[in-house]
Amino acid sequence: MDSSPSHGCIEKKHWWLTNKKIVDMYVKDARSLIASQEHSNIASAINLLDAALALSPSFEIAMELKAVSLLRLRRFKEVADMLQDYIPSLKIASEYSSSLSDNHSRERVKLLSAGGDPPNRSEESVKCFSVFNLKKKVMASIIGNRNKEHQWRYLVLGQACCHLGLMEDAMVLLQTGKRLASAAIRRESVCWSDDSFTSPVKSFNYSKTPLHSESKSIIHLLTHIKLLLRRKTAAIAAAEAGLHAESIRHFSKIIDSRRGAPASFLAECYMNRASSYRSLGRVTDAIGDCNSTLALNPSCIEALTTRASLFESINCLTDSLHDLEHLKLLYNSILRDRKLPGPVWKRQNIGYQEIPCKLSLISNKIQKLKQRVASGEIGNVDYYAVMGLKRGCSRSELERSYLLLTLRHKPDTSMAASLIDRCEFSDECDVDSVKDRARMSGLLLYRLIQRGYTNLMRIVLDEEKERKKIKHVEHQQQSSKSVQKKHAFQGVFCRDLAVVGSLLSQTGFNRPIQVKYEALSC
């Protein structure tokens with residue numbers, strides 16, 4: 001009877017040792033595959049590491065190797081999904097939601113206890129107890145104890161967040177990882193003897209601290225992130241102050257920079273610049289930036305809403321209806337899936353609770369626009385707003401505006417290529433689909449510009465003809481008035497000469513002659 005428990009313990013211990021040996025073997029094979037630096041071998045190493053993590057989910061070395069391998073294969077979304085608990089913005093959002101729920105539960109306790117008997121001392125202590133604060137303290141202590149082992153997470157996740165466009169999170173993570181690496185070096189250097197600094201070979205754990213080349217690349221990446229965030233902050237501050245031209249200038253520096261930026265970050269900059277263009281009344285430029293945003297992020301709710309309202313403002317009702325229908329389908333898919341589009345760590349400008357209200361508003365707006373289209377308002381496009389001109393503009397102003405808009409929005413292959421060249425895409429993104437969306441939306445906008453130029457040029461030519469007719473009529477009237485005035489003077493002079501001749505022809509020269517000095521003085 002006593003031998004059976006010990007036999008069970010031996011079996012469990014033997015099973016644990018077997019799994020550990022298998023995990024170590026997987027990790028060893030994965031290291032050799034990763035050392036080859038070939039993408040196919042690294043992908044095979046990831047499969048081995050997945051098998052190792054299936055046996056030992058908390059094995060730190062396997063997690064680190066998998067994260068680094070995913071980063072080398074540019075599979076940044078998988079890195080973010082793997083380490084999403086360390087993303088600062090996601091942690092803040094979860095803490096905020098938990099604090100709201102905690103406050104709501106406290107209010108419910110107060111309401112329940114208000115109508116009954118006064119609570120005793122134990123119930124008061126329960127009501128004042130904050131689970132959220134305790135959870136925050138415990139998590140802070142856990143993170144503080146694990147910083148020595150988990151500092152690789154900050155560096156790897158920071159690089160992945162940078163390529164995913166989460167620049168603020170990337171800056172915080174990289175700065176934290178850099179600070180922890182420096183602290184680790186200082187701690188280990190204190191324990192070194194004098195010979196350790198001069199010896200060429202030192203058994204140092206490089207897995208915990210980045211190499212010199214890696215540290216240098218992280219410093220360069222951090223500098224670039226700070227530059228982009230500085231320009232973005234200046235642009236947003238200028239827009240909030242009403243200096244929209246200054247905001248456009250700062251966003252254009254980010255978009256037109258020689259060094260590329262992540263696609264999602266550029267999509268956000270395009271959207272912000274479109275808002276500034278809209279505030280200045282530059283409708284066509286705002287639509288062009290919305291097109292670029294939707295080419296990079298087809299499910300951007302803000303871009304679809306803005307472009308639909310811009311099309312409605314210039315009476316392009318069919319295009320506005322198309323965007324509103326797309327937006328309605330997107331809202332329905334969100335309600336069906338019970339979550340916003342994209343992964344959990346993706347930033348959203350809208351909450352899930354707002355979707356039902358917005359869906360009803362969009363449905364009502366679609367019905368109104370369909371009624372306007374049915375009543376025949378489809379051809380009253382405001383081409384003056386499209387070209388950015390006032391009514392009664394001259395031909396030179398129209399030609400200048402058309403030239404600038406054509407140079408900026410011509411949908412040739414170089415435009416789509418320049419958009420692709422300025423963006424940094426992850427390996428999962430389909431670059432060809434982005435290029436096709438940019439070319440198609442650019443072609444539709446260019447046709448709108450051409451129609452605006454043709455219609456306004458016809459109006460300008462008609463106005464010029466009308467002005468020429470009016471000028472010709474005025475010239476004829478002035479010339480006829482001058483001729484009539486000249487004939488009037490000539491008639492008076494001839495009439496006076498006729499009177500003198502008739503008097504001279506008469507007999508009897510002793511008659512007095514009436515003289516008009518006005519005629520003679522002529």
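Only one of the listed residues (Ile334, Ile362) is part of a helix (DSSP H, G or I), β-branched (Val, Ile, Thr) and under 30 Å from Lys91 (Cα atoms). That residue is Ile334.
Residues in the stretch 51-65 that are under 20 Å from His150 (Cβ atoms) and either under 35 Å from the mean Cα position of the chain (by Cα) or surrounded by 13 or more Cβ atoms within 10 Å (Cβ to Cβ) (or both): Ala52, Leu53, Ser56, Phe59, Glu60, Ile61, Ala62, Met63, Glu64, Leu65. Among residues of the stretch 156-167 that are more than 11 Å from Leu221 (Cβ to Cβ), those with a Cβ under 6 angstrom from a residue that is outside any helix (DSSP H, G or I), sequence gap 6+ or separate chain, pair up as Leu157/Leu83; Gly165/Pro262.
Selection of the stretch 367-384 for residues being touching a residue at least 24 places away in the same chain (Cβ under 8 Å) and in a loop (DSSP other than H, G, I, E, B) yields Glu377, Ile378, Asn380, Val381, Asp382.
Quick check, is Val499 farther than 30 Å from Arg391 by Cβ, part of a helix (DSSP H, G or I) and modelled with pLDDT under 70? Taking the combined requirement at face value, the residue satisfies it.
Residue count for the stretch 148-185, restricted to those that are in contact with a Leu (Cβ under 7 Å, 6 or more places away or on another chain) and of a type in the set (A, V, I, L, M, F, W, C): 10.
Checked against (1) at pLDDT 85 or above; (2) in a loop (DSSP other than H, G, I, E, B), His326 passes all but a single condition, namely (2). Taking Arg338, is it free of Cβ contacts under 8 Å to residues at least 40 places away in the same chain and under 16 Å from Gly442 (Cβ atoms)? It is false that Arg338 is free of Cβ contacts under 8 Å to residues at least 40 places away in the same chain and under 16 Å from Gly442 (Cβ atoms).
Matching residues to (1) among the aliphatic types (A, V, I, L, M); (2) more than 23 Å from Val283 (Cβ to Cβ):
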position: Leu335; (1), (2): yes, yes
position: Tyr352; (1), (2): no, yes
position: Ala385; (1), (2): yes, no
position: Gly388; (1), (2): no, no
position: Gly392; (1), (2): no, no
position: Arg400; (1), (2): no, no
position: Cys423; (1), (2): no, yes
position: Val434; (1), (2): yes, yes
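Scanning the stretch 276-334 for residues that are surrounded by fewer than 22 Cβ atoms within 10 Å (Cβ to Cβ) and small (Gly, Ala, Ser) turns up Ser279, Gly281, Ser299, Ser309, Ser313, Ser333. Among residues of the stretch 387-402 that are closer than 24 Å to Arg278 by Cβ, those with a Cβ under 9 angstrom from a residue that is among the polar types (S, T, N, Q) and buried (at least 16 other Cβ atoms within 10 Å of the Cβ), sequence gap 6+ or separate chain, pair up as Met387/Thr284; Met387/Ser401; Gly388/Thr284; Gly388/Ser401; Leu389/Ser401; Cys393/Ser401. Pairs are defined by a Cβ separation below 7 Å, a sequence spacing of at least 6 or placement on different chains, a first member in the stretch 177-197 that is surrounded by 11 or more Cβ atoms within 10 Å (Cβ to Cβ), and a second member that is among the β-branched types (Val, Ile, Thr) and at pLDDT below 60; the pairs so defined are Ala181/Thr209; Ala184/Thr209; Ile185/Thr209. When the stretch 284-318 is filtered for residues that are more than 25 Å from Cys423 (Cβ to Cβ), part of a helix (DSSP H, G or I) and in contact (Cβ under 8 Å) with a residue 12 or more places away in the chain, the ones remaining, listed by number, are Phe311, Glu312, Ser313, Leu317, Thr318.
The values are calculated or read from the model by the stated rules, or taken from the named source; none is laboratory data. Small disclaimer: the values here were computed from a predicted structure and weren't measured. All Cβ positions, even for glycine, are placed from backbone atoms using ideal geometry, and neighbour counts span all protein chains on display.
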